[in-house]
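The values are calculated or read from the model by the stated rules, or taken from the named source; none is laboratory data. Just so it is clear, the model here is predicted, and its values are computed rather than measured. Ideal geometry is used to build each Cβ from the backbone, glycine not excepted, and the neighbour counts take in all protein chains shown.
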Amino acid sequence: MSEPLTNFQKAVGYIQLLKQEGKLDAEAVRLTKEVYELTDEEAKQALQQFKDDNPEAYTAASASNIWHLAWVTVVAVFIALMYYFFADEIGGVGGSVTAIVSLVFVFMGFIIFTRMLFTLKEYLIVKHPRLATNAFFSNKAAPAVVVSILFVVFSWLNYTNKSDELTLSGLRDLEIVLENNCYEEETGGKSPESSYILKAKDIDKEFDWSDEDHKYRFHTQLPDILLKAGDTIKVYIQPSDIRYMRKEPTFLNSKRTAVYDIEKDGVRFLNLKARNEIANQSSYRFFLLCCVALLISSIVAVVMHNFMHKPVN
């Protein structure tokens, strides 16, 4: 008759279940400590016992979790991109709401991707024990360094490819008669946004010219000064917005349509060259900010390694 399991042996088995569920080492240690009333050191010993006795099960659980997290990350980013670039076709509400929903999915993908990096680090250290003494892999700040590097790469590609530049090719012009004077509308918060709002006769929708698109670079005076009720103008919008123009606004059909340029009496308002210069400057500043983040995370990683971790003999 087999002897009953000790509390420590039960803790080792519990850690295996937690790892199969996708828990990180630190989470498994904390939960095991609480459930089996172990000290912090005893819980860590239980984790190490599982790694030593059954490294194949540990790496198999980690590998499974890595693939799962990777797929979820890809799906989150894919949904964000689809929603941002094809909002109309997939039922997006358009405007700032589209950007917010996209950012939510990007943020979710970022969190999941960071967790995947932590899991990958644990997997590699068990698969290749010599990495445990490596300054990078043994450091808790390592994932932050990896994420910072990715941000630097993507921000540099965004800047060099001039991804934030606006192009007016492919837009459709729509002639409208203004029902009211053009006015500027601002949102509150720490990062306020501004838009010029136009209301046309015989069209339920309003037209929204965001400061993200015009960046206050005009050949003319400001639109809210020049555009008055009764004026006949042309607005330049996406071709996909034309088919929704006469439809009642719904949750899936925004009450506002994005405008990218305006024409009155044969004069186009937007100074496209000046606007794109501003956009490229912003892209470059974001790249520099990512470089600073990489520098800071690297310094933190070095400090954590030198002052918070004892060297492994």
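The table below lists the values:
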| quantity | calculated |
| --- | --- |
| Residue that is farthest from Ser195 (Cα to Cα) [pool: residues in the stretch 165-185 that are modelled with pLDDT under 85 and among the polar types (S, T, N, Q)] | Ser169 |
| Residue, farthest from Val177 (Cα to Cα), within the stretch 241-265, restricted to residues that are modelled with pLDDT under 80 and in contact with a Phe, Trp or Tyr (Cβ under 9 Å, 6 or more places away or on another chain) | Asn253 |
| Extreme residue, surrounded by the fewest Cβ atoms within 10 Å (Cβ to Cβ), among residues of the stretch 260-278 that are of a type in the set (A, V, I, L, M) and assigned to a strand (DSSP E or B) | Val267 |
| Per-region count, the stretch 194-222, residues part of a helix (DSSP H, G or I) and either at pLDDT 85 or above or in contact with a Ser or Thr (Cβ under 8 Å, 6 or more places away or on another chain) (or both) | 1 |
| Answer from Val101, Val72 - the residue that is surrounded by 13 or more Cβ atoms within 10 Å (Cβ to Cβ), under 30 Å from Asp208 (Cα atoms) and modelled with pLDDT under 90 | Val101 |
| Residues that are buried (at least 17 other Cβ atoms within 10 Å of the Cβ) and either more than 21 Å from Ala57 (Cα to Cα) or among the basic types (Lys, Arg) (or both), drawn from the stretch 1-41 | Lys19, Lys23, Lys33, Tyr36, Leu38 |
